[in-house]
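This report concerns only the one structure given below.
The values are calculated or read from the model by the stated rules, or taken from the named source; none is laboratory data. Owing to the predicted nature of the structure, the values given are computational and were not obtained by experimental measurement. Counting neighbours? That spans all protein chains shown, and the Cβs are built from the backbone with ideal geometry, glycine included.
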Amino acid sequence: MSRTPLRVLLVHPGAGLYGSDRMLLESVRALVAAGDRALLVVPEDGPLVDLARSAGARVLVRPVPVLRKSALTARGLLGLAGRCAVAAARDGALLRRLRPDVVYVSTLTLPTWVLLARAQGVPVVCHVHEAESRAAVPLQRALAAPLLAASHLLVNSEFSRAVLARSWPVLASRSSVLPNGVQGPSAPVAAGPAGGRLRLLYVGRLSRRKGVLVALDAFAQVLADGLDAHLDLVGDVFGEHADFGRELADRLGREVFQGRVSVHGFDPDVFAHLARADVLLVPSVLPEPFGNTAVEGVLAGRPVLVSDVGGLPEAVAGVPSARLVPPGDAAALARAVSEVAAALPDLQACAARHAPVAAERFAPQRYRAGLVEGLRTAAAGGTR
């Protein structure tokens with residue numbers, strides 16, 4: 001029996017290719033593969049736009065009020081409120097014109113879309129990729145309050161769901177955990193030759209909360225201890241964090257790092273860098289809701305050193321070649337690097353054995369099936 005295709009309006013706060021951006025792209029692919037119609041609204045042009053179009057979505061680039069950290073001041077909130085008021089009429093008209101069967105709101109940073117959709121009687125699923133567990137409780141409750149109007153919530157880890165429940169306990173029963181789907185390498189990534197310089201790799205935003213400075217401090221200690229090593233940084237500085245970019249440049253200018261650290265900028269081909277690496281560092285200082293990069297390290301068969309915070313332990317649960325390290329502790333990270341270097345061949349063999357297990361657990365096909373099921377259930381007026 002044929003099924004009427006769903007008309008799904010997806011709203012996303014950016015057009016890059018980092019964690020939540022890549023999951024948005026997987027969501028588009030899931031809907032198109034299921035025969036549904038996807039229209040994506042983003043506030044800016046970027047690499048995600050062309051990829052989403054190639055995947056089969058219509059894409060509309062238009063101003064979308066996004067809740068950034070810079071808005072969490074009196075002046076910032078006032079400006080955001082003004083933009084939201086202007087956008088409400090425009091976006092409400094778009095909803096009336098498109099008449100979608102369900103609206104998919106990606107992340108907590110687009111609160112007006114949840115309220116607009118529900119005001120027009122359109123089911124809405126919000127996919128939560130954040131877990132601001134360190135924020136003050138009133139702020140957590142304010143950020144999560146629009147979710148009370150959502151038909152259903154998808155969250156990427158048990159940690160994320162627990163954070164929501166601390167804000168509004170009722171949200172726990174309205175949410176389903178859908179682990180991110182992470183595509184592995186197209187072919188097994190062979191380990192490098194034993195001996196020689198140890199290659200360490202960091203992949204992700206170059207920011208304070210991601211622990212880049214902690215990685216550099218630990219790396220300096222590793223070098224001081226006499227280990228022959230090199231660190232590759234793959235990522236860029238977010239536009240709002242220019243001050244941190246200057247601080248990072250000053251730190252990288254130190255003599256100890258000359259010829260020992262390479263900065264590659266953003267590169268969507270993570271596995272090309274993992275192929276040249278021996279060990280992946282995921283040194284986040286603040287809680288992460290999930291850990292795409294950590295999973296990619298496991299899929300590539302690399303030992304991974306991961307901060308023991310937020311949802312990162314879930315991403316490497318049951319992987320013996322992964323090590324949990326206290327967040328923000330450069331000395332502990334340096335010790336972990338030295339321990340891994342001393343047992344590298346055995347750990348590489350262990351990592352290679354467990355890569356297929358992670359590939360099954362985080363298969364994009366599982367993510368796509370769960371995403372489509374959640375949207376169809378919401379559109380039908382049910383709960384999962």
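Scanning the stretch 219-264 for residues that are among the aromatic types (Phe, Trp, Tyr) and modelled with pLDDT of 95 or more returns 219, 257.
Cβ-Cβ contacts under 8 Å between residues 6 or more apart (or on different chains), taken from a first residue in the stretch 166-184 that is under 23 Å from residue 369 (Cβ atoms) to a second residue that is surrounded by fewer than 21 Cβ atoms within 10 Å (Cβ to Cβ) and of a type in the set (Val, Ile, Thr), are listed as 174/383. Checking each residue in the stretch 267-277 for being touching a helix residue (DSSP H, G or I) at 6+ places or on another chain (Cβ under 9 Å), surrounded by fewer than 24 Cβ atoms within 10 Å (Cβ to Cβ) and in a loop (DSSP other than H, G, I, E, B) picks out 267, 268.
Taken as a whole, the structure leaves residue 197 outside the set of residues that are closer than 17 Å to residue 19 by Cα and surrounded by fewer than 19 Cβ atoms within 10 Å (Cβ to Cβ). Selection of the stretch 106-135 for residues being basic (Lys, Arg) and either in contact with a Phe, Trp or Tyr (Cβ under 8 Å, 6 or more places away or on another chain) or assigned to a helix (DSSP H, G or I) (or both) yields only 118. Filtering the stretch 30-53 to residues that are closer than 15 Å to residue 372 by Cβ and either in contact with a strand residue (DSSP E or B) (Cβ under 8 Å, 6 or more places away or on another chain) or buried (at least 22 other Cβ atoms within 10 Å of the Cβ) (or both) leaves 30, 31, 32, 36, 37, 38. What residue, of 212, 182, is modelled with pLDDT under 95, among the β-branched types (Val, Ile, Thr) and out of contact with any His (no Cβ under 8 Å at 6 or more places or on another chain)? Selected residue: 182, the only one of 212, 182 that is modelled with pLDDT under 95, among the β-branched types (Val, Ile, Thr) and out of contact with any His (no Cβ under 8 Å at 6 or more places or on another chain). Remark: pairs (first residue in the stretch 6-19, within 20 Å of residue 291 (Cβ to Cβ) and not assigned by TED's automatic domain parsing to the domain that holds residue 206; second residue in a loop (DSSP other than H, G, I, E, B) and modelled with pLDDT of 90 or more; Cβ separation under 6 Å; 6+ apart in sequence or on different chains) = 16/46. If you go through the stretch 81-102 and pick out every residue that is touching a Ser or Thr at 6+ places or on another chain (Cβ under 9 Å) and modelled with pLDDT of 95 or more, you end up with 2.
Is it the case, given these coordinates, that residue 227 is within 30 Å of residue 138 (Cα to Cα) and touching a residue at least 24 places away in the same chain (Cβ under 8 Å)? The answer is no for residue 227. Meeting the requirement of 3 or more residues that are surrounded by fewer than 20 Cβ atoms within 10 Å (Cβ to Cβ) and either out of contact with any His (no Cβ under 8 Å at 6 or more places or on another chain) or touching a residue at least 12 places away in the same chain (Cβ under 8 Å) (or both), the helices (runs of 4 or more DSSP H) wholly within the stretch 296-384 are 330-342, 344-361, 364-379.
A quick yes/no check of all residues on (1) surrounded by 15 or more Cβ atoms within 10 Å (Cβ to Cβ); (2) hydrophobic (A, V, I, L, M, F, W, C); (3) part of a loop (DSSP other than H, G, I, E, B):
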position	(1), (2), (3)
184	yes, no, yes
189	yes, yes, yes
202	yes, no, no
207	yes, no, yes
216	yes, yes, no
226	no, no, yes
233	yes, yes, no
243	no, no, no
250	no, no, no
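When the residues of the stretch 278-308 are narrowed to those that are of a type in the set (Gly, Ala, Ser) and touching a helix residue (DSSP H, G or I) at 6+ places or on another chain (Cβ under 8 Å), which ends up modelled with the lowest pLDDT? Going through the qualifying residues, I end up with 291.
Just one of the listed residues (136, 117) is more than 17 Å from residue 176 (Cβ to Cβ), surrounded by fewer than 23 Cβ atoms within 10 Å (Cβ to Cβ) and out of contact with any Cys (no Cβ under 9 Å at 6 or more places or on another chain), namely 136.
Yes/no per residue for (1) surrounded by 15 or more Cβ atoms within 10 Å (Cβ to Cβ); (2) closer than 18 Å to residue 184 by Cα; (3) in contact with a Gly (Cβ under 6 Å, 6 or more places away or on another chain); (4) of a type in the set (Ser, Thr, Tyr):
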{"position": "237", "(1), (2), (3), (4)": "yes, no, yes, no"}
{"position": "257", "(1), (2), (3), (4)": "yes, no, no, no"}
{"position": "279", "(1), (2), (3), (4)": "yes, yes, no, no"}
{"position": "285", "(1), (2), (3), (4)": "yes, no, yes, no"}
